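Scroll down for the structure; my scribbles are underneath it.
The values are calculated or read from the model by the stated rules, or taken from the named source; none is laboratory data. All values derive from a computational prediction rather than experimental measurement. Here the Cβ positions follow ideal geometry from the backbone for every residue, glycine too, while neighbour counts run over all protein chains shown.
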Amino acid sequence: DLNIYPTDTTQINENIAEGNYNLELPSLNDSQGFPALDFLLNGLGENDAEILAHYTINADAENYQVYLTDLTDRIDSLTSQVLENWTSGYRDEFVSNSGNGANSSLDMMVNDYIYYYEKHLRAGKIGIPAGVFSGSPLSSHVEAYYSEGLSKALFNEALTASINFFNGTHFEAEVDGQSLDNYLDYLNTMKDGADLTSMINSQFQTAREQAEGLNTDFAAQVENDNSQMLATYDELQRNVVNMKVDMLQALNINVDYVDADGD
């Protein structure tokens, strides 16, 4: 995973000091990826000069440079591997794996989509730092913790991606293709007398509107007025129920992952 946060700064410092590590080990997943880059580029000092010193005059300056390069090389390698697999045959395999069983492409893709929305967007970006699961706020657990002002932008991009996936909106143009909204419309899916597709899209917009008032730095928002983070979580949560319960029931798809916090 390239985006495990909070990043393990203790492990990062140990890796750099020792200069001997294997980034393929699962035990080092939280000391690499984008959160680790965030720490190495923005969290090593109070200002740019202090941060730069780690790469120039620090006793381990060379190790810092090597580790930073190794992290970026691994990100490039992993993403290139995914692209290569997709273009060299897996796309055709994915498309041909039709049907409505647990191992079909549709079932797995929809489950992964809802898992991302529930666990990474709703919980990771909002719920965990807001203290929904711990009972107390955890401001240091926001995404891009060392890049003040970036956490909200990343949340907005993730929410937009979730909305676009549901509606089949192309990532490079305002063009809608066939997606979950069309499938639900074809089935004429209703909930409490209302169209489920419209309900889901309306709730997406309600969540976005609630999030618009948040500080650009979620850590500051958690520390100064966490109630607004909790309110944003609540609005996101409503679509977990709409999609994970009502949509999956309509599509005859079973949840394929363990749910520890309920719907």
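Taking first residues from region 200-220 that are more than 19 Å from SER139 (Cα to Cα) and partners that are among the aromatic types (Phe, Trp, Tyr) and assigned to a helix (DSSP H, G or I), the Cβ contacts under 7 Å between residues at least 6 apart in sequence or on separate chains come to ILE200/PHE166. Could you check, for region 241-262, whether at least one of its residues is crowded, with 16+ Cβ neighbours inside 10 Å, aliphatic (A, V, I, L, M), within 22 Å of GLU143 (Cα to Cα) and assigned by TED's automatic domain parsing to the domain that holds ARG122? Within region 241-262 (the criterion being crowded, with 16+ Cβ neighbours inside 10 Å, aliphatic (A, V, I, L, M), within 22 Å of GLU143 (Cα to Cα) and assigned by TED's automatic domain parsing to the domain that holds ARG122), the answer is no, since none of the residues qualifies.
Filtered by the rule that a residue be touching a helix residue (DSSP H, G or I) at 6+ places or on another chain (Cβ under 7 Å) and exposed (fewer than 15 other Cβ atoms within 10 Å of the Cβ), region 109-139 gives a lone residue, PHE133. All of LEU52, LEU40 fail the test of being under 24 Å from GLY124 (Cβ atoms) and out of contact with any Asp or Glu (no Cβ under 6 Å at 6 or more places or on another chain), apart from LEU40. You will find that of ASP1, ASP70, the residue that is charged (D, E, K, R) and modelled with pLDDT under 95 is ASP1 and no other.
Residues in region 93-121 that are within 20 Å of SER179 (Cβ to Cβ), acidic (Asp, Glu) and over 17 Å from the mean Cα position of the chain (by Cα): ASP107 only.
If the condition is being free of Cβ contacts under 8 Å to residues at least 40 places away in the same chain and either surrounded by 13 or more Cβ atoms within 10 Å (Cβ to Cβ) or not assigned by TED's automatic domain parsing to the domain that holds ARG74 (or both), then region 22-40 contributes LEU28, ASN29, ASP30, SER31, ALA36, LEU37, LEU40.
Filter region 151-173 down to residues that are without any contact (Cβ under 8 Å) to a residue 24 or more places away in the chain and among the charged types (D, E, K, R) and give me whichever is surrounded by the fewest Cβ atoms within 10 Å (Cβ to Cβ). Step by step, filter region 151-173, then rank; the result is GLU172.
Do you know which residues across region 193-224 are of a type in the set (Ser, Thr, Tyr) and surrounded by fewer than 16 Cβ atoms within 10 Å (Cβ to Cβ)? Those that are of a type in the set (Ser, Thr, Tyr) and surrounded by fewer than 16 Cβ atoms within 10 Å (Cβ to Cβ): SER198, SER202, THR206, THR216.
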